[in-house]
Every structure is written in structure tokens, then in C-alpha cells.
Amino acid sequence: QVQLVESGGGLVQPGGSLRLSCAASGFTFSTAAMYWFRQAPGKGREWVATISNGGSTNYVEVVKGRFTLSRDNAKSTTYLQMTGLKPEDTAVYYCRAYYGLQYYWGQGTQVTVSS
């Protein structure tokens, strides 16, 4: 079955960096578009970034220039490199895959930006 496992979250000071990973299994990763979302406390889930199966990327405006999404098809993994982190980036970050006309979600990883 499809599984998405996020990792790499943690506590970081403002201005710091983190790299999130999303390890996928159970489907042909190279053919799937991959997404990252986040959900801050008390707020709805927000789209952050997308990478197509061809490697094209799109980002929500507030993270452009700070976040970089990439994929390694050989490892069936996407990476969200986050730099210049701000307190408002604090959220649970979720990976999502679109495959076989369905969306699949990971369990999320917590990112906390605080001094």
C-alpha cells in the first residue's frame, strides 16, 4: 500500500534551516506529483509547494526564495529545504502524493521556529 513518511522536523531558531524528507513507497514514485502542505495551530491546512513528476516546482508566495523542493526518484524521496525560517513557519508539515487518481498523505512532522 502507499506510504509516505515525513522526517526532519524539529525546533529551530528564527533564521535557521531545516531539511524535511518524505520517503515514499507502494507506488511508482517517479510518475507522481508530490506536494508539501502545512498546518499551523488553530489554522487550516495550507499548500506550500509542488514538484511535478518532471521536476517543475511551484511555491506559495510566502516561502518563495526561502524553501526549495526537490526529488530523488532513485530513493523515492522528496526533500523540502527550508532556510530563513520565521516563527510563522511553525506548523505540522505534511507530504502528499497524487497517484492513480488519488491523493495520499503522510502523518506529518512538526516544525517549530522559536528563540
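The values are calculated or read from the model by the stated rules, or taken from the named source; none is laboratory data. Quantities reported herein were computed from a predicted structural model and do not represent experimental measurements. Every residue, glycine as well, gets a Cβ built from its backbone with ideal geometry; the counts of neighbours run over all protein chains shown. The protein model used for the area step is the full one, side chains on, heavy atoms only, and it has no ligands, DNA or RNA in it. Shrake-Rupley method; radii C 1.70, N 1.55, O 1.52, S 1.80 Å.
If you place +1 on the Cβ of every Lys and Arg, -1 on the Cβ of every Asp and Glu, and leave all else neutral, what size is the dipole of the range 57-115 about its Cα centre, to the nearest 20 Debye?
120 debye
Can you tell me the Rg and the Dmax, both Å, for the Cα atoms in the range 9-55?
13.6, 37
What share of Cα pairs, in percent, lie more than 19 angstrom apart in the chain?
Cα-Cα pairs of the chain separated by over 19 Å account for 39 percent.
Could you check how much of the accessible area of the chain is carbon and sulfur, as a whole percent, using a 1.4 Å probe?
48 percent
Would you mind putting 4-11, 20-27 in packing order, based on average other-beta-carbon counts within 10 Å, highest first?
On the way: 4-11: 16.4, 20-27: 18.8.
Listed from highest to lowest mean packing, they are 20-27, 4-11.
Just to be sure I understand the model, the point goes 7 Å from the Cα along the line to the Cβ. What's the resulting S56 to W105 distance in nm?
Computed distance between label sites S56 and W105 equals 2.7 nm.
Would you list which lysines come within 19 Å of K86, measuring only between C-alpha atoms, while excluding same-chain residues fewer than 8 positions from it?
Once the sequence-local lysines are set aside, what remains near K86 is K43, K64.
Compute the signed sum of charges (Lys and Arg +1, Asp and Glu -1) over the other residues within less than 15 Å, Cβ to Cβ, of S115.
Every neighbour counted, the sum reads -1.
Let me know the charge dipole size of the range 2-104 about its Cα centre in debye, to the nearest 20, where only the beta-carbon of Lys, Arg (+1) and Asp, Glu (-1) is charged. Don't skip to the answer; put the middle values down first.
Details: 10 positive and 6 negative charges, 5 e Å.
My answer is approximately 20 debye.
Provide the three semi-axes, in whole Å and in decreasing order, of the ellipsoid equivalent to the range 54-104 as defined by the square roots of 5 times the Cα gyration tensor eigenvalues. Each step should come with its number before you reach the end.
Numbers: eigenvalues 98, 37, 24 Å².
Those come to 22, 14, 11 Å.
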